[in-house]
Amino acid sequence: MEPLYDYAWLIPALPLAGATAVGIGLISVNQWTNRLRQLNAALIMTLLGAATALSFALLWSQIQGHAPYTRSFEWAAAGTFHLSMGYIIDPLTAVMLAVVTTVALLVMLYTDGYMAHDPGYVRFYAYLSIFSASMLGLVVSPNLVQVYVFWELVGMCSYLLIGFWYDRQAAADACQKAFVTNRVGDFGLLLGILGLYWATGSFDFGPMGERLQDLVATGSMPGAIAALLAILVFLGPVAKSAQFPLHVWLPDAMEGPTPISALIHAATMVAAGVFLLARMYPVFEHIPIAMSTVAWTGAFTAFLGASIALTQNDIKKGLAYSTISQLGYMVMAMGMGAYTAGLFHLLTHAYFKAMLFLCSGSVIHGMEAVVGHDPDLAQDMRLMGGLRRYMPITATTFLVGTLAICGIPPFAGFWSKDEILGQAFGINPALWLIGWLTAGVTAFYMFRMYFMTFEGQFRGNDSEIQAQLKAAAVPSEAAELELQPAFGPGAMDPAELDHDHDGHDTHHSSEPHESPWTMTLPLVLLAIPSVAIGWLGRPWANQFEAFIHAPGEVVPSLAEMAAEFDRTEFLIMAGNSVGIALIGITFASLMYWQRSLDPGRSPAKFPRFTASHSTSGTLMTSTTASS
């Protein structure tokens, strides 16, 4: 198997080669390159497909027990200073490679339908490819310096992709906000890297942790300094994984095309922070103050993101705050020392949240057939409803993702979230309580989104609601929308807005429609792991824990796990988490499906909590009446 590992460097190199080839074509022979739209897309997807096959081959090799493999070469030297570059293949790397390549490949397939009529189609594929290369390079990095290089490249790609529709002011502002906010965290990360090298003389993860532990144990370094260095490093994941207080950039990043929301802001880039915490675990685990800081930051962020998601009416921003909340779960798990549980939730969340974002793009595409290229209307759930009849594939897959994120068995999110909550109960009941309450809030807002979007009567043709939504908009923003060119998903042929299927002038269609197969096929494929992949982490035979565990940790065999499994304890803990989720689902169904409770009462009772969305209750009340 050694030849396989010798060529592992091709995994990030192949998508980089694709981006380079297409980029050179766009710079030198722009018109000719843009005419060969799908040929360029096929080239990039073929190269990424080869990287995906190689990633799964390495994953299978690691599952079969191959020892971790590191290959490095000297990059720079000056006196006693030596800096190496290279790559590492171990269980953590193998899993992350498989996640990044599969999600990226499916997002690229989806993009062919979503951006079909966008003039920047080829440029978008080039950006996707260079982002994939950067993220894959980050995953295989064997030391902090190389991590930092690719960390910044990932940030650059995020800036380009969020601001892809740069002629639109909101997108330009969003990419700048993301860039500046991440610079704050990255400056802390850089200071932490330099400080750790000053203290330990190494950029490698393992030696760095061992030497730092020895320095603190022997009194050569105060524990407070070690904690400060660890927390400085933690600022990088705080920004990249959108943790409080550097979470503010992620909701605005939804101004980018929806495939970016699925790839970057659900499955890969935002998970890079959790991945770095896993890599830096040998440093953090021996510093209790740093671990507590990580855990409580994650717990607070989890509840904060879920509470804000309660009042979101933009379908993509609702999912963005949901992502912030779920990343909080992962960070909390890392801070508690639940290493495997945090990474397992990263794995399951990557698939079902990517699917949910792609579903939202499918919904927006369908809504634009009715309301036109106005993102404020096409993404507003108050104008949706009843879409299950028009978009059955999108509705079914969105329901699968909703059940998964709510932690309903046997869907994937149940096993990963329940493992985090179960370990939190034994380590710190206060953290468990926050996570448990967040699970209930999550179930409420996710089914609120599902019912508002897919159940009831379709409200997209209700001119009264459209008028209220436009009247509620800030006047300056409304004026900007009128002056700006129409931007939005490129899946729709602009001619669809001017003619119906019979060729008559109608300005727009009266009904939404299902998306093309290039958009629905990735949804169906992502639904499979959203349902099944959680079984890898079932507590009586946790294959994921047997494969991935904290460095130096002794993990029981599958037989020992089965022998130690306490069925009663599992049923109690699982019953609690499922119970609070069912309560949330029940309230959501009473408010937004059966309409027996008035959602307009909440803003009246809690004006501070819903101040920024004060029009939501009024509009939903009128929506209820019209339904």
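The values are calculated or read from the model by the stated rules, or taken from the named source; none is laboratory data. These numbers were taken from a predicted model, which means no experiment stands behind them. Heads up, the Cβs are rebuilt from the backbone with ideal geometry, glycines too, and the neighbour counts pull from every protein chain shown. What goes into the accessible areas is simple: the full protein's heavy atoms, side chains included, and nothing from ligands, DNA or RNA. Shrake-Rupley method; radii C 1.70, N 1.55, O 1.52, S 1.80 Å.
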Practice item. Any chance you could count the Lys pairs in the chain whose alpha carbons are under 29 Å apart, treating pairs 8 or more apart or on different chains as valid? Key: 19
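If R₀ is 56 angstrom, what is the calculated FRET efficiency for the pair Ala172 and Ser557, using the beta carbon separation as r and rounding to 0.05? Kindly include the intermediate steps, with their values, before the conclusion.
Values: r = 55 Å, r/R0 = 0.98.
It comes to 0.55.
Using a 1.4 angstrom probe on the protein heavy atoms only, could you order Val29, Val100 from most to least accessible area? Don't skip to the answer; put the middle values down first.
Details: Val29 65, Val100 5 Å².
Largest to smallest exposure gives the sequence Val29, Val100.
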Review point. Can you put Ile364, Ile572 in order of accessible area, largest first, using a 1.4 Å probe?
Key: Ile572, Ile364
Check your understanding: How far apart, in nm, are two points set 7 Å out from the Cα along the Cα-to-Cβ line at Phe570 and at Thr218?
Key -> 4.6 nm
Exercise for review: Obtain the nm distance between the two label points defined at Gln594 and Arg389 by a simple spin-label model: each point lies 7 Å from its Cα along the Cα-to-C-beta direction.
Suggested key: 2.2 nm
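Report, to the nearest whole %, how much of the accessible area of the chain belongs to carbon and sulfur atoms, 1.4 Å probe, protein only. Write down the numbers at each step before the final one.
Values: 15300 of 23830 Å².
Using a 1.4 Å probe with all protein chains present, the chain comes out at 64 percent carbon and sulfur.
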Revision key, fill the gap. Matching label for the computed Kirkwood radius over Cα pairs in Å, out of [x] 26.6; [y] 27.9; [z] 25.0, is [z]
Practice item. For the stretch 415-442 and the stretch 106-175, write down the distance between their C-alpha centroids in whole Å. Key: 33 Å
Review point. So what is the relative contact order of the chain, in percent, for Cα pairs below 8 Å that sit 6 or more residues apart?
Key: 13 percent
Review point. Roughly how many Å is it from the Cα centre of the stretch 253-308 to that of the stretch 199-243, as a whole number?
Key: 18 Å
Check your understanding: Under the rule of -39500 (n - 2.57) per DSSP H run of 4 or more residues, summed and divided by the residues of the chain, what mean residue ellipticity at 222 nm is obtained, to the nearest 500 deg cm²/dmol?
Key -> -22500 deg cm²/dmol
